[in-house]
Amino acid sequence: MNEWLAYCEQIHPKTIELGLERVALVAQALQLRFDCPVITVAGTNGKGSTCAMLEAIALQSGYRTGVYTSPHLVSFEERCRIGGEIVFAQDLVPHFEAVEQARFSAGTQGKPVSLSYFEFTTLAIARIMSQSKLDVAILEVGLGGRLDATNIFDADCAIITSIDIDHTEFLGPDRETIGREKAGIMRSGKPVVVSDPMPPQSVVLHAEQIGADLWQAGRDFNYSGDRQQWNWAGRGKRFHGLAYPALRGANQLINAAGVLAAFQALRQVLPVTAQAIRQGFSLVDVPGRFQIVPGQPSLVLDVAHNPHSVAALAVNLDAMGFFPVTHAVFGAMHDKDLAAVMQRIGPLVDRWYFTDLPLPRAEKASDLVKRWQALQMVGQRPREVPAQAFATPSQALKAAVKAADPADRIVVFGSFYTVGGVLSEGVPRLDSPHWRNQSSE
């Protein structure tokens, strides 16, 4: 499997190249299609949580689910789950082989169709899902929507989660432009759930222009709640006294409300029971989404890496209560709005542990230190917050553990590679003798 992944990284001149023509040619050669409802999920933040909630409720309803998400935290196989279980690497190999053969058969003049890593792997995963006798296929868009490889499949229901400014070099400079790209997953006559409570106008206009069945938060469905439970209402259906989703965080009700709207929109072909909804929400789990690891010190893992998701992380950290010192392990790609990220969460951080990441696109830890120091210089009332640079997320976490008292809090956030780097040997329990011994070396 690792050989195939290394091969996929080498066969295309660009890491990211949006467009459907090449991937559609190979999909056609593979005769790739789904014989079940397809739910496609796009958005800047909340896609992974939304997919997990869809999956959990569908599983509790007795459906055989297939889920494709990206990127992964530790191992590539995490990107595909069949029936709630991560696929085995060896089961994917025949599908990589089939995509490679189809590249050549779909090519011209003896040249194979060129596919990026994401396109190649998307086709391989779609093929194993299409042959797994699914009741529902759940596809997470990788980047944007209109030109993303997942968009070669027609969505029976599209979901667009929160939209914010990210990947501007590919998607455009503002929310309206980015929203237009994400709206490209909609299909005429099919439901589209927009769970963003304040969507760009471009999203609503596109739905109207193509005649999609628009389910808009605040108009076609809404939710309310207190400290114990929450309620959902939309288009002739109500749910009362729902327990909060097992996923922690201030934004998860927005995602959960969109999930219920999607199931209501698909009720004719994918009916779910109230009991399945309750059980699904109680059991849903997504590593790295405001994941709190019990122990001393407390450990929080979150893949927040743009200003919008980091703002949500800051709200969630505030709600945790008082900690004497908060230590932050952070690494991210250089194309993110790093100054805005640091400004938003900076008031909550007492010590920074910046980390390098194993990608050319990653910001160097030493440069992150400089960025933070520059921000401190322009602060109106500067608070001296030390910052260090480390070669790996694991080394940064060990340093944080060594410096932290049991009552403190450590937050590991940023890129999937940052959180994945500390999860590579399993979920760290910081009060275990193993971690205490490691951090004191």
Checklist entry - Just for the chain, what percent of DSSP beta bridges are antiparallel, to the closest 5? => result 35
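Trypsin sites (Lys or Arg not before Pro), restricted to region 247-303: which are DSSP loop and have at most 16 other Cβ atoms within 10 Å?
Working: sites: Arg248, Arg267, Arg278, Arg289; in loops: Arg248, Arg267, Arg289.
Within region 247-303, the qualifying trypsin sites (Lys or Arg not before Pro) (loop, at most 16 other Cβ atoms within 10 Å) are Arg248, Arg267.
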Checklist entry - Can you pull out the GluC sites (Glu not before Pro) in region 317-426 that DSSP calls coil and that have at most 13 other Cβ atoms within 10 Å? => result Glu384, Glu425
Item to check | Per-selection Rg to Rh, region 6-69 - Cα, Kirkwood hydrodynamic radius | outcome: 1.05
Checklist outcome for this item: Counting as exposed only chymotrypsin sites (Phe, Trp or Tyr not before Pro) in DSSP loop states with no more than 13 other Cβ atoms inside 10 Å, the longest exposed-site-free span of the chain is 89-321
Next on the checklist: Per residue, how much accessible surface does region 104-164 expose to a 1.4 Å probe? Answer in Å², no decimals.
Outcome noted: 32
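Take each uninterrupted DSSP H stretch in the chain, measure its Cα extent along the helix axis, and return the ones at 18 Å or beyond whose mean Kyte-Doolittle hydropathy is at least -1.0. Please report the intermediate quantities before stating the final value.
Working: long enough: 47-60 (20 Å, 0.65); 89-106 (26 Å, -0.14); 117-130 (19 Å, 0.89); 252-265 (20 Å, 1.23); 365-378 (20 Å, 0.06).
Going by DSSP H runs, the hits are 47-60, 89-106, 117-130, 252-265, 365-378.
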Checklist outcome for this item: So, relative contact order of the chain in percent, Cα under 8 Å, 6 or more apart, is 15
Item to check | Neighbour-limited loop hits for trypsin sites (Lys or Arg not before Pro), region 351-424 (at most 12 other Cβ within 10 Å; DSSP other than H, G, I, E, B) | outcome: Arg383
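If you count only protein heavy atoms with a 1.4 Å probe, what accessible area per residue comes out for region 244-379, rounded to a whole Å²? Can you show the working numbers first?
Numbers: 5510 Å² over 136 residues.
With the other protein chains kept in place, region 244-379 gives 41 Å² per residue.
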Checklist entry - How many percent of all Cα-Cα pairs in region 1-119 sit more than 18 Å apart? => result 60
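Past 28 Å, Cα to Cα, is the threshold; run Lys370/Lys398; Lys14/Lys133; Lys14/Lys364; Lys182/Lys370; Lys14/Lys336; Lys47/Lys402 against it and keep the listed order. Spell out each step's value before the answer.
Working: Lys370/Lys398 22 Å; Lys14/Lys133 34 Å; Lys14/Lys364 21 Å; Lys182/Lys370 35 Å; Lys14/Lys336 19 Å; Lys47/Lys402 35 Å.
Long pairs (Cα-Cα over 28 Å): Lys14/Lys133; Lys182/Lys370; Lys47/Lys402.
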Checklist entry - For region 134-147, what does the Karplus curve 6.51 cos²θ - 1.76 cosθ + 1.60, with θ = phi - 60°, yield as ³J(HN,Hα) per residue in whole Hz, taken in order and with x for Gly and Pro? => result 7, 8, 7, 10, 10, 10, 8, 5, x, 8, x, x, 4, 10
Item to check | Shape box of region 308-397 [Cα atoms, principal axes, largest first, Å] | outcome: 36, 27, 24
Checklist entry - Given the Cα-Cα distance of His72 and Phe88 and 0.36 nm per residue of separation, how much length would full extension add, in nm? => result 4.3 nm
Checklist entry - How big is D, in µm² s⁻¹, for region 249-320 by Stokes-Einstein at 25 °C and 0.890 mPa s if Rh is the Kirkwood radius over C-alpha pairs? => result 173
Checklist entry - Which percent of Cα-Cα pairs in the chain sits in each 20 Å bin, short to long? => result 25, 57, 18, 0
Item to check | Hull volume in cubic angstrom per residue (convex hull over the Cα atoms of region 169-211) | outcome: 65
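The values are calculated or read from the model by the stated rules, or taken from the named source; none is laboratory data. Small disclaimer: the values here were computed from a predicted structure and weren't measured. When we count neighbours, we look across all protein chains shown, and the Cβ atoms used for this are built from the backbone with ideal geometry, even at glycine. To get the accessible areas, we keep the full protein, side chains included, count just its heavy atoms, and leave off ligands, DNA and RNA. Shrake-Rupley method; radii C 1.70, N 1.55, O 1.52, S 1.80 Å.
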